[in-house]
Amino acid sequence: MYHRQRMRRAADAYMKMKGQHGRGGYRRRRPLDHGDLRLLILALIQEEPRHGYDLIIEIEQRTGGTYKPSPGVMYPALSVLEDQGFVKAKKVEGKRVFNLTEQGEAELAEHADTLAKIEERLESLAHPESELHPGDIRSASRRLRHTLFKTVTETWPDTSSYEEIVEILNQARADIVKAAEKKTN
């Protein structure tokens, strides 16, 4: 027991030295900071009138599938924006479609710098390769996950390549196990 505690303390000290947090390793940055979703919603509605589900899908696409706001986040945010007078909803084909008001346009103009930073962050989420170190296992696994998600969503419903993808993943797993066994021997 003493040895395990000592090893844990040493690992925690190493992680602090490397700028990592907690026992889980790196502290992940939130996809959007507090208040960013509100500005992003306004910007997307400014591009074209949209309903809630359309906003969810658009944000997911702009982040390359790495972030998808839940309906439990999106619809309350839209209600708040409507209450604040930034958007106005009207029924179109049974859906509440939101349009930007003059007050909403003024809000976007006031926070143009913040919106530019948000769009930059979304771009980095959509193309994670640009900010990741190639030697980092965590980075490599993120790139793999991103590529898998993109490939599967772009080829759907054509599943002809799925068998080959599964074979590649199984082979990669086997190679990783072999590499780990070499290091332990």
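The values are calculated or read from the model by the stated rules, or taken from the named source; none is laboratory data. Small disclaimer: the values here were computed from a predicted structure and weren't measured. Counting neighbours? That spans all protein chains shown, and the Cβs are built from the backbone with ideal geometry, glycine included.
Among residues of the stretch 141-169 that are in the same structural domain as Thr63 (by TED's automatic domain parsing), none has a beta-carbon under 7 Å from a residue that is part of a loop (DSSP other than H, G, I, E, B) and of a type in the set (Asp, Glu) at least six positions away or on a different chain. Among the residues of the stretch 99-121, is there at least one that is assigned to a helix (DSSP H, G or I), touching a residue at least 40 places away in the same chain (Cβ under 8 Å) and of a type in the set (Lys, Arg)? Within the stretch 99-121 (the criterion being assigned to a helix (DSSP H, G or I), touching a residue at least 40 places away in the same chain (Cβ under 8 Å) and of a type in the set (Lys, Arg)), the answer is yes, since at least one residue qualifies. Note on the stretch 123-151: among residues that are under 14 Å from Arg62 (Cβ atoms) and touching a Pro at 6+ places or on another chain (Cβ under 8 Å), the one that is modelled with the highest pLDDT is His146.
Pick from the stretch 75-91 the residues that are in contact (Cβ under 8 Å) with a residue 24 or more places away in the chain and out of contact with any strand residue (DSSP E or B) (no Cβ under 9 Å at 6 or more places or on another chain): which of them is farthest from Leu144 (Cα to Cα)?
Going through the qualifying residues, I end up with Val80.
Cβ-Cβ below 8 Å, separation at least six or inter-chain, first residue in the stretch 56-70 and within 20 Å of Leu144 (Cβ to Cβ) and β-branched (Val, Ile, Thr), second in a loop (DSSP other than H, G, I, E, B) and modelled with pLDDT under 90: which pairs? As it stands, the answer is Thr63/Pro31; Thr66/Pro31, since those pairs meet every condition given.
One residue stands out in the stretch 70-118 among those that are closer than 14 Å to Ile56 by Cβ and among the hydroxyl-bearing types (Ser, Thr, Tyr): the one that is surrounded by the most Cβ atoms within 10 Å (Cβ to Cβ), namely Tyr75. One residue stands out among those in the stretch 160-185 that are among the polar types (S, T, N, Q) and modelled with pLDDT of 90 or more: the one that is farthest from the chain's Cα centre (by Cα), which is Gln171.
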